[in-house]
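Colleague: Structure incoming, see below.
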Amino acid sequence: MGAVVTTTSAAPAGSAAAADRRPRDVLPLLRSESTKLLSLRSTRWSALLLVAVVLAFTVLSAAVTVAQWDKLDASQRRQIVADPTATILASGFQLGQVVICVLGALAITAEYSTGTIRSSLLAVPRRVPMLAAKGTVLAVGVLGLGLVLAFPAFFVGAAILHSKAPVGIGDPGVLRAVFGAGLYLAVLALFSLAVGAIVRHTAGAITAIIGFVLVLAPLTQLVPGRVGDRVHAYLPTEAGRLVAAAHHVPDALLGPWQGFAVFCAWTAALLVLAGVLLLRRDV
């Protein structure tokens, strides 16, 4: 009886100790993924390029808009006046998203191309936690960088557009839109990471992501009728970027948070697929 009691009481203790170790494993895993991401030269160059592209094209677009104001159609002027925030954020971040697509894909395809994925999985045999840690580090980093860029870009663009379409950070929907620009980039990074994990080849992953983001959306607009409108509205990046508009986009089928939820659903589905493939494939 004594032996039975000892055995049954030791088992839960061992399980509890194992459970206690799991949370403590998270921080070293996050630190490891942070080190790997920051050690990539592509990460540093991507960050610098993102800063340059977003700020430069925001200033350029706002300045050109003011200079060409009298030559714009009345409908274009009404659109800008109705939502200056969307105009300010769209130009720089639309080009900046290409940089994020490349960064997100490289965050994992670089390990496949160099073969370091083997050592990563030897150090962390549980593959899904490794992918989750990589995604967490990437998303947090891009969100921080996106917010650091979104606020200066908005204030600079608003100052340039002030004479034609005044807007302030306290206006309805503006603060949410500026935060939304950073959120959009963070989820786009995860979307690109998932595609990179699925494809596993840098060139193929970047081609697929860029094609999906920049090529597929214009093609769906060629589909006639409500079918084309719905397909276009529910594309991940088309839906996701609605969160960076201060007001409901005219004729849009989704609101800002609805569109962002659609984008998150697409991204979550791709991440689940990436996790399943990571478990089933050989390295």
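Colleague: Between VAL148 and ASP25, how many nm apart are label points set 7 Å from Cα along the C-beta direction?
Modeller: Using points 7 Å along Cα→Cβ, the separation is 3.2 nm.
Colleague: What does the convex hull of the Cα atoms come to per residue for the chain, in Å³?
Modeller: Cα convex hull per residue, to the nearest whole number: 170 Å³.
Colleague: For the residues HIS247, HIS232, what sequence is obtained by ranking on other C-beta atoms within 10 Å, fewest first? Show your work: numbers first, answer last.
Modeller: Working: HIS247 16, HIS232 19.
Listed from fewest to most nearby Cβ atoms, that is HIS247, HIS232.
Colleague: Over every pair of different alpha-carbon atoms in the range 167-223, take the mean of 1/r and invert it; report that Kirkwood radius in Å.
Modeller: 13.4
Colleague: Report the extension gain between SER39 and SER163 in nm, rounded to one decimal, defined as 0.36 nm multiplied by the number of residues separating them, less their alpha carbon distance.
Modeller: 40.2 nm
Colleague: May I ask you to sort VAL142, VAL128, VAL64, VAL167 by Cβ crowding, counting other Cβ atoms within 10 Å and putting the fewest first?
Modeller: Least to most surrounded, the residues fall as VAL64, VAL128, VAL167, VAL142.
Colleague: Taking 0.36 nm per residue of sequence separation and subtracting the Cα-Cα distance, how much length would be gained by fully extending the chain between LEU216 and ALA265, in nm to one decimal?
Modeller: So the extension gain works out to 15.8 nm.
Colleague: Can you find, among TYR234, THR43, PRO84, the residue farthest towards the positive end of the dipole of the range 26-280? Put +1 on the C-beta of Lys and Arg, -1 on that of Asp and Glu.
Modeller: Looking along the dipole axis, the top candidate is THR43.
Colleague: P(r) tail for the range 18-144, what percent of Cα pairs lie past 24 Å? Please report the intermediate quantities before stating the final value.
Modeller: Values: 3754 of 8001 pairs.
Percentage above 24 Å: 47.
Colleague: Under 15 Å from a label point 7 Å along Cα→Cβ of LEU279: give me every residue in the range 93-135 with its amide N that close.
Modeller: Answer for this model: 125-132.
Colleague: If you don't mind, there's one more thing I want to ask. Viscosity 1.306 mPa s, temperature 10 °C: give me the Stokes-Einstein translational D for the range 70-196 in µm²/s, with Rh taken as the Kirkwood radius over C-alpha pairs.
Modeller: On the way: Rh = 16.5 Å.
After rounding, the answer is 96 µm²/s.
Colleague: Let me know the charge dipole size of the chain about its Cα centre in debye, to the nearest 20, where only the beta-carbon of Lys, Arg (+1) and Asp, Glu (-1) is charged.
Modeller: Magnitude of the dipole: close to 700 debye.
Colleague: Just report the Cα centroid separation between the range 122-144 and the range 221-283, whole Å.
Modeller: Value for the Cα centre distance between the two parts: 22 Å.
Colleague: Taking the Cα atoms of the range 125-283, what is the range of coordinates along each of the three principal axes, in descending order and whole Å?
Modeller: Projected onto the principal axes, the Cα atoms of the range 125-283 cover 60, 40, 26 Å.
All of the numbers you see were taken from the coordinates with simple rules; none came from a lab. Keep in mind it's a predicted model, so treat the numbers as computed, not measured. Heads up, the Cβs are rebuilt from the backbone with ideal geometry, glycines too, and the neighbour counts pull from every protein chain shown.
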